[in-house]
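Asks: Next up is a structure, given as structure tokens.
The values are calculated or read from the model by the stated rules, or taken from the named source; none is laboratory data. Keep in mind that this is a model prediction, so the values were computed, not measured. Glycine gets a Cβ as well: all are built from the backbone with ideal geometry, and neighbour counts include every protein chain shown.
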Amino acid sequence: MPYRSPWMTPELDSFRDAVRRFIDTEISPHQAVWKEQQHVDRSLWNKAGDMGMLLADIPEHYGGSGGNFAHQCVVFEELASAGDSAFGIHVHAIVAQYLHNQGTPAQKEKYLPMLASGAMVAAIAMSEPGAGSDLKGIRTTAILEPDGGSYVLNGSKIFISNGYLADLVVVVCKTDPDAGAKGISLLLLETRECPGFRVGRILEKIGQKGQDTCELFFDDVRVPAENILGGIEGKGFVQLMTELPYERTILGVGGVAAIERALRLTIEHTRQRKAFGQALIEMQNTRFILAEIKTEATIARTFIDRCIVDTLEGRMDAELASMAKYWISDLQCKVIDQCLQLFGGYGYMLEYPIAQMYIDARVQKIYGGANEVMKEIIARSL
Ligand SMILES: Cc1cc2nc3c(=O)[nH]c(=O)nc-3n(C[C@H](O)[C@H](O)[C@H](O)COP(=O)(O)OP(=O)(O)OC[C@H]3O[C@@H](n4cnc5c(N)ncnc54)[C@H](O)[C@@H]3O)c2cc1C
């Protein structure tokens with residue numbers, strides 16, 4: 001009997017079908033154009049909003065689809081399964097979680113409906129040229145003006161996903177530069193008609209070329225005081241530590257779907273391709289490699305399903321999320337490399353999806369916290 005994830009339901013099956021149809025018509029055919037222009041079409045965000053997949057795990061009261069984490073996982077799985085690497089919906093969904101879990105009632109009412117409909121595109125800006133893994137070292141500051149009406153934001157960010165299209169950026173900044181981690185806050189920056197805010201060039205990456213990854217610059221940008229996430233200064237570091245497990249878990253969710261896709265594509269190819277008078281899959285080495293990958297894919301699926309269930313039941317923790325992020329992304333890169341080898345020269349050609357998967361996967365070990373940082377987090381629990 002084929003394995004079925006314990007969190008899947010008939011209702012999620014229907015949702016998955018609808019998401020798959022949307023991807024087939026609105027996402028897959030446009031990848032080449034998006035790669036060329038280095039970002040998706042702005043209209044994709046509105047269409048995805050109409051379809052109900054942007055904030056699938058946010059209550060209807062805030063414009064979301066009223067589902068749970070499983071609904072959002074279905075979206076991430078289907079995108080990975082289709083080989084999409086352009087649509088920055090992951091970051092958008094992450095920002096929605098920050099707002100929903102950490103925002104004031106007014107912040108939730110104001111922003112979540114616009115994120116759900118695609119009227120606003122979201123980004124989160126943590127990394128800076130001088131500080132990525134070590135976020136306590138950021139230098140972007142937001143200093144409250146003496147009258148208390150607004151913050152003055154100065155600094156810059158790098159590698160920001162959705163940076164070119166974002167209308168709302170959660171900026172990690174220091175509201176008290178002398179207070180260490182306790183001086184960090186998250187500021188909600190509306191980017192349209194915002195004097196002093198500038199988007200730098202879209203960065204040239206080795207993969208995920210359809211996604212707009214940018215530098216952002218803030219030069220005396222005035223942000224209303226009520227835009228501190230949660231309404232209180234100095235909570236930013238704790239807010240980050242609380243929300244980062246969501247980001248790390250969803251990287252694992254996409255990673256497992258990518259591993260499963262690589263296995264599917266490689267079984268198909270090695271069945272068709274012949275050498276030395278037989279199909280590649282009839283050679284013992286091929287069968288052994290694919291048997292190993294199938295075993296590892298099964299272990300990864302079982303593990304991520306446990307993570308999804310733990311998240312649904314509210315008991316996901318930082319250690320488990322770090323394990324999912326580091327172990328699955330390592331496995332994803334290893335498996336895709338092994339699969340590419342079985343494609344021979346065709347595996348090196350971009351018209352073969354396995355080649356695209358190879359270059360798109362590499363960053364999984366870096367962003368969302370480098371895998372070495374994940375091991376530090378896990379080691380703290382030893
Ligand atoms: C395509 C892409 C999209 C991104 N999107 C975003 C985004 O939307 N928002 C955002 O804020 N950032 C984003 N990032 C940034 C990403 O999160 C950082 O690149 C990452 O956290 C690593 O930081 P860094 O690049 O400064 O590397 P560094 O901090 O300089 O680390 C370099 C390397 O040093 C090693 N290292 C670091 N710390 C340790 C440690 N404690 N122990 C052992 N080894 C260590 C690791 O091997 C690490 O890879 C993105 C990056 C990329 C490439």
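Asks: For the range 58-93, give me the residue count where each residue is within 16 Å of the ligand (Cβ to nearest atom), more than 19 Å from Arg20 (Cβ to Cβ), in contact with a Leu (Cβ under 9 Å, 6 or more places away or on another chain) and in a helix (DSSP H, G or I).
Replies: Total satisfying the criteria: 1.
Asks: Could you check how many residues of the range 190-204 are buried (at least 17 other Cβ atoms within 10 Å of the Cβ) and under 20 Å from the mean Cα position of the chain (by Cα)?
Replies: 1
Conditions (1) surrounded by fewer than 20 Cβ atoms within 10 Å (Cβ to Cβ); (2) not charged (D, E, K, R), marked per residue:
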site: Arg287; (1), (2): yes, no
site: Glu296; (1), (2): yes, no
site: Asp305; (1), (2): yes, no
site: Thr311; (1), (2): no, yes
site: Ala324; (1), (2): no, yes
site: Asp337; (1), (2): yes, no
site: Tyr352; (1), (2): yes, yes
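Asks: Something else now. Can you say whether Ile308 is part of a helix (DSSP H, G or I), within 15 Å of the ligand (Cβ to nearest atom) and either of a type outside the set (Lys, Arg) or within 14 Å of Pro245 (Cα to Cα) (or both), as far as the supplied structure shows?
Replies: For Ile308, the condition - part of a helix (DSSP H, G or I), within 15 Å of the ligand (Cβ to nearest atom) and either of a type outside the set (Lys, Arg) or within 14 Å of Pro245 (Cα to Cα) (or both) - is not met.
Asks: Of all residues in the range 342-370, which are within 15 Å of the ligand (Cβ to nearest atom), assigned to a helix (DSSP H, G or I) and of a type in the set (Gly, Ala, Ser)?
Replies: Once the filter is applied, which keeps residues that are within 15 Å of the ligand (Cβ to nearest atom), assigned to a helix (DSSP H, G or I) and of a type in the set (Gly, Ala, Ser), the range 342-370 yields only Ala361.
The rows are residues; the columns are (1) touching a strand residue (DSSP E or B) at 6+ places or on another chain (Cβ under 7 Å); (2) not in a strand (DSSP E or B).
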| residue | (1), (2) |
| --- | --- |
| Tyr111 | yes, yes |
| Met114 | no, yes |
| Arg139 | yes, yes |
| Pro146 | no, yes |
| Tyr151 | yes, no |
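Asks: Name the single residue, out of those in the range 144-167 being surrounded by 15 or more Cβ atoms within 10 Å (Cβ to Cβ) and away from the ligand (no atom under 13 Å from the Cβ), that is farthest from Gly234 (Cα to Cα).
Replies: Looking at residues that are surrounded by 15 or more Cβ atoms within 10 Å (Cβ to Cβ) and away from the ligand (no atom under 13 Å from the Cβ), I get Asp167.
Asks: Within the range 10-57, work out how many residues are more than 20 Å from Gly83 (Cβ to Cβ), in contact with a Phe, Trp or Tyr (Cβ under 8 Å, 6 or more places away or on another chain) and assigned to a helix (DSSP H, G or I).
Replies: Number satisfying all stated conditions: 0.
Asks: Another question, if that's okay. How do the pairs read when you match residues in the range 137-154 that are over 15 Å from Leu189 (Cα atoms) with residues anywhere that are in a loop (DSSP other than H, G, I, E, B) and not polar (S, T, N, Q), using Cβ under 7 Å and keeping only pairs 6 or more apart or on different chains?
Replies: Sorted first by the residue in the range 137-154, then by its partner, the pairs are Gly137/Gly130; Arg139/Gly130.
Asks: I need every pair where a residue in the range 205-222 that is away from the ligand (no atom under 12 Å from the Cβ) and of a type in the set (A, V, I, L, M) has its Cβ under 8 Å from the Cβ of a residue that is modelled with pLDDT of 95 or more and in a loop (DSSP other than H, G, I, E, B), sequence separation at least 6 or different chains.
Replies: Val221/Cys194; Val221/Pro195; Val221/Gly196
Asks: From the list Val170, Val238, which one is within 27 Å of Ala318 (Cβ to Cβ) and within 13 Å of the ligand (Cβ to nearest atom)?
Replies: Result of the check over Val170, Val238: Val170.
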